[in-house]
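The values are calculated or read from the model by the stated rules, or taken from the named source; none is laboratory data. Keep in mind it's a predicted model, so treat the numbers as computed, not measured. Here Cβ is always computed from backbone atoms with ideal geometry, including for glycine, and neighbour counts include all displayed protein chains. Protein only, heavy atoms only, side chains kept; ligands, DNA and RNA dropped before computing areas. Shrake-Rupley method; radii C 1.70, N 1.55, O 1.52, S 1.80 Å.
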Amino acid sequence: MSYMLPHLHSGWAVDQAILTEEKRVVLIRFGTDWDKTCMQTDEILYSIAEDVKNYAVVYLVDINKVPDFNDMYELYDPCTVMFFFRNKHIMIDLGTGNNNKVNWHINSRQEYIDIIETVFRGARKGRGLVVSPKDYSTKYRY
């Protein structure tokens, strides 16, 4: 479903998307359209885009065509989701130790909606780091 979501094709377009959005969270999926994990993530993001349109906007960036941010944001994973609000990167504590991004596939629509809503509420209050509604650490899996 990546063809249904807006793509940003240059570093300037990514910067403008982050800079110009004043009222909503900018969710950017960095990855490639042909990667299986990205395809699954895009499917979820497309299915929730209409539900979160009042407080979030979703963009896709191909890290092969727009390599400008690969070093800056350490985009080494095949699929990465990051959040921005009013030209500021919003970090989220997911319990994994990496608070900068979501770099794995989340299967649930509701979990994504909850994360985006948490990011929006925290960012609107001026917080640069918000705590995820669910702990994704592996300590409960063993």
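From the convex hull of the Cα coordinates of the stretch 1-49, what is the mean projected area in square nanometres?
3.6
Which helices of the chain meet both criteria: a Cα extent of 18 Å or more along the helical axis and a mean Kyte-Doolittle score no lower than 0.0, with helices taken as whole DSSP H segments?
Those that clear 18 Å and a mean of 0.0 are 36-49.
Indicate the gyration tensor shape class of the chain (rounded, prolate or oblate), computed on the Cα atoms with a ≥ b ≥ c the square roots of the eigenvalues: a/c under 1.5 is rounded; otherwise a/b larger than b/c is prolate and the rest oblate.
Rounded, because the longest to shortest axis ratio a/c is under 1.5.
Over 21 Å between Cα atoms: which of 23/53; 23/134; 88/125; 65/88 fall into that group?
Violating the 21 Å limit, Cα to Cα: 23/134; 65/88.
What order do 77, 62 take when sorted by accessible area (1.4 Å probe), most exposed first?
Sorted by accessible area, descending: 77, 62.
At 222 nm, what helix-only mean residue ellipticity would the chain give, in deg cm²/dmol to the nearest 500, using -39500 (n - 2.57) for each DSSP H run of four or more?
After summing the helix terms and dividing by residue count, I get -9000 deg cm²/dmol.
Can you check what the net charge comes to around residue 78, using other residues whose Cβ is under 13 Å from the Cβ of residue 78 (Lys, Arg +1; Asp, Glu -1)? Before the final figure, lay out the partial values.
Numbers: positive: 29, 36, 101; negative: 33, 35, 42, 62, 77.
For residues surrounding residue 78, the net value is -2.
When Lys and Arg each count +1 and Asp and Glu each count -1, what net charge do the other residues less than 13 Å away from residue 121, Cβ to Cβ, add up to? It would help to have the intermediate numbers written out before the result.
Numbers: positive: 24, 124, 125, 127; negative: 114, 117.
Spelling it out: positives minus negatives among the neighbours equals +2.
Is the stretch 1-82 rounded, prolate or oblate when judged by the Cα gyration tensor, a ≥ b ≥ c being the square roots of its eigenvalues, rounded requiring a/c under 1.5 and prolate requiring a/b larger than b/c?
Working: a/c = 1.86, a/b = 1.10, b/c = 1.69.
Here the stretch 1-82 falls in the oblate category.
Could you please put 36, 134 in sequence from largest to smallest accessible area, using a 1.4 Å probe?
Values: 36 145, 134 95 Å².
Accessible-area ranking of 36, 134, largest first: 36, 134.
At what distance in angstrom do the alpha carbon centres of the stretch 116-131 and the stretch 4-62 lie from each other?
18
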